[in-house]
Amino acid sequence: GQQLNQSPQSMFIQEGEDVSMNCTSSSIFNTWLWYKQDPGEGPVLLIALYKAGELTSNGRLTAQFGITRKDSFLNISASIPSDVGIYFCAWGGGADGLTFGKGTHLIIQP
Amino acid sequence: DTGVSQNPRHKITKRGQNVTFRCDPISEHNRLYWYRQTLGQGPEFLTYFQNEAQLEKSRLLSDRFSAERPKGSFSTLEIQRTEQGDSAMYLCASSARNTPDTQYFGPGTRLTVL
């Protein structure tokens, strides 16, 4: 089956630092999505990517769809306390819903 | 701007009971999805509807799980004869016709089976 690897599993950073996380796959995907989930809530869509090589920003967030269509990264610049949460990458490519990575836990130390 | 809503937000039930959850998608979205999420994992796809048609249901976890979307608007997910292993967060998402993979999630229903 298709493998979706997300790393790192967790990150402990200082407020104000930049953050980078990525996802890689064994298959070619048509769409990459990045979500953030707070405890007890549903995932919130941050960025959607549709084309290989596409680079998209949303405020302090930047994500790229890898040129090989097998990877994507998410960067957060100048982290703030409300960035704490779990970040998921997901891919979509058809009628089988989205496939999610295992998530990256972002913890910000004051 | 109303997003996806789900009710109830929390449900505690005893093993063997039936439970039903409701999802109201974003009004102009024709696709509706159900996912399950267990602790420490990402959401896991269960089933989806395009309008009132259920186009994929082979990923439902067992025959105790069923979903309906009778008028192509809201949807319900029912679990019969609940088991402790059914305890999880059940998430609903919806998407528009021209961007089916761009899915917006509701807040989820947390199910606890005692």
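Odds and ends about this structure:
- Average partner coverage of B:34-42, which counts Cβ from other chains inside 10 Å: 4
- Residue order, fewest to most beta carbons within 10 Å, for B:His29, A:His105, B:His10: B:His10, A:His105, B:His29
- Net charge, A:Ser79 excluded, C-beta distance under 13 Å - Lys, Arg +1, Asp, Glu -1: -2
- Along its principal axes, the protein assembly as shown has C-alpha extents of 48, 38, 38 angstrom, given from the largest down.
- log10 of Debye I(q)/I(0), alpha-carbon scatterers only, for chain B at 0.17, 0.20, 0.22 Å⁻¹: -0.75, -1.04, -1.24
- Total charge dipole magnitude, chain B, about the Cα centre, Cβ charges on Lys, Arg, Asp, Glu only, Debye to nearest 20: 360
- Taking the fewest neighbouring Cβ atoms within 10 Å as the starting point, the ordered list for B:Leu55, A:Leu49, A:Leu74 is B:Leu55, A:Leu49, A:Leu74.
- Each of A:Lys36, B:Lys57, A:Lys102, B:Lys71 was scored by other Cβ atoms within 10 Å of its Cβ. Listed from fewest to most, they are B:Lys71, B:Lys57, A:Lys102, A:Lys36.
- Relative contact order, whole percent, for chain B stands at 37, derived from Cα pairs under 8 Å and 6 or more residues apart.
- Cβ neighbours within 10 Å from other chains - mean over A:35-42: 5
Read-outs: derived from the displayed coordinates by stated rules, not from any lab. Bear in mind the structure is a predicted one, so any value in this text is a computation, not a measurement. Cβ coordinates were reconstructed from backbone atoms using ideal geometry, including for glycine residues, and neighbour counts include every protein chain displayed.
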